[in-house]
Amino acid sequence: MKIQVISLFPEMLAPVLETSMLWKAKDRGIVDYSYISLRDYGLGKRKTVDDTPYGGGDGMLLMIEPLVAAIEYAKQQDPNAIVILPTPRGKLYKQSEAKNLATAASGLIFVCARYEGYDERVTDWVDQQFCIGNYVLTGGELPAMIIIDSVVRLLPGVLGGEQSAEIESFQSDDKTIEFPQYTRPEEFKGKKVPRVLLTGHHGEIESWRQIQQQENK
Ligand code: ADE
């Protein structure tokens, strides 16, 4: 999967995407990340990317020309890619969306907004708009990386135990939470591992786990 990220702060991306499992996915040739600097598409000698909003209001907006020029460049690299705009105005992002992207998309282009926002006309060049939660961040880079993380870990060959996907949190219905797990020691500062897990009785363990999942719903 080819993943391209358009950002004014591309230096934010590599430290996250080039670490641990996200890096391993790249090392194994499962994904390929590229970072596109929005500044390179700025206007004039000063490479301007923002301007004041029509109708007045605080702050600056990302202008349409640099955004669309960067998206068109990314599309040339990967014409079938799905263009995603992380925005508080988007659809609430859930595990089912991660699953859809992991199975259906061969390439993703993320458009990371900054400042107080962006010229709304950019949405005509975007396929999907996602909100990662009901709070506002300073830019789209963190949401983009969260979406990338959730998609890449679902790609075949990225995680070890793929059978665990079936019992994973949110996997079947965007709601069910994984049951709690424990490892050694059996007791730590008076806190004990639930007895049933030490019995070796698979049936009882399975029903205890199912009860835990129900309780989290
Ligand atoms: N940009 C700023 N806040 C955001 C959010 N909650 N989700 C997606 N993009 C955002």
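The values are calculated or read from the model by the stated rules, or taken from the named source; none is laboratory data. Computed from a predicted model, the values in this text were never measured in an experiment. Here the Cβ is made from the backbone with ideal geometry for all residues, glycine too, and neighbour counts use every protein chain on show. All accessible areas refer to the heavy atoms of the entire protein, side chains included, with ligands and DNA or RNA removed. Shrake-Rupley method; radii C 1.70, N 1.55, O 1.52, S 1.80 Å.
Of note:
- Relative contact order [Cα under 8 Å, 6+ residues apart], the chain, whole percent: 21 percent
- Once backbone amide H atoms are built at 1.01 Å from N, F110 has Q4, V5, I6, I84 as its partners under 5 Å, excluding neighbours fewer than 5 places away on the same chain.
- The amide H of V49, built 1.01 Å from its N in the peptide plane, has L43 as neighbours under 5 Å, considering only residues 5 or more places off or on other chains.
- Per residue, the chain exposes 59 Å² of solvent-accessible protein surface, assessed with a 1.4 angstrom probe and all protein chains in place.
- For the residues I109, I177, I84, a GNM of the chain with alpha-carbon springs under 10 Å puts the largest fluctuation on I177.
- Taking every C-alpha pair closer than 8 Å and separated by at least 6 residues, the mean separation divided by the residue count of region 59-124 gives a relative contact order of 59 percent.
- Within straight-line reach of K94, meaning a Cα separation under 18 Å, sit the following aspartates and glutamates at least 8 residues removed in sequence or on another chain: D127, E141, D149, E166, E168, D173, D174, E178.
- Between P53, P15, P180, the residue with the greatest mean-square fluctuation in the GNM of the chain (Cα pairs under 10 Å linked by springs) is P180.
- With contributions of -39500 (n - 2.57) from each DSSP H run of at least four residues, the per-residue ellipticity at 222 nm computed over the chain stands at -8500 deg cm²/dmol.
- Set of lysines near K47 by C-alpha distance (under 20 Å), chain-local residues within fewer than 8 positions excluded: none
- A simple count of charges around E116, restricted to other residues whose Cβ falls under 12 Å of its Cβ and scoring Lys, Arg +1 and Asp, Glu -1, yields -3.
- Residues of type lysines that K99 reaches as a straight line, Cα spacing below 20 Å, ignoring anything fewer than 8 places off in the same chain: K2, K24, K26, K91, K175
- Close amide-amide hydrogen proximity is noted between F130 and L85, T87, K91, each under 5 Å apart and 5 or more residues distant or on a separate chain (H modeled in the peptide plane; Pro and chain starts excluded).
- Portion, in percent, of the accessible area of the chain that falls on carbon or sulfur, probe 1.4 Å: 51 percent
- Label-point gap, in nm, between S96 and T52 - each point 7 angstrom along Cα→Cβ: 4.5 nm
- Positive contributions from Lys and Arg (+1) and negative ones from Asp and Glu (-1), summed over other residues with Cβ under 14 Å from the Cβ of Q4, come out at -3.
- Bridge type composition, the chain - antiparallel percent by DSSP, nearest 5: 20 percent
- Difference of contour (0.36 nm per residue) and Cα-Cα distance, E187 to A14: 58.3 nm
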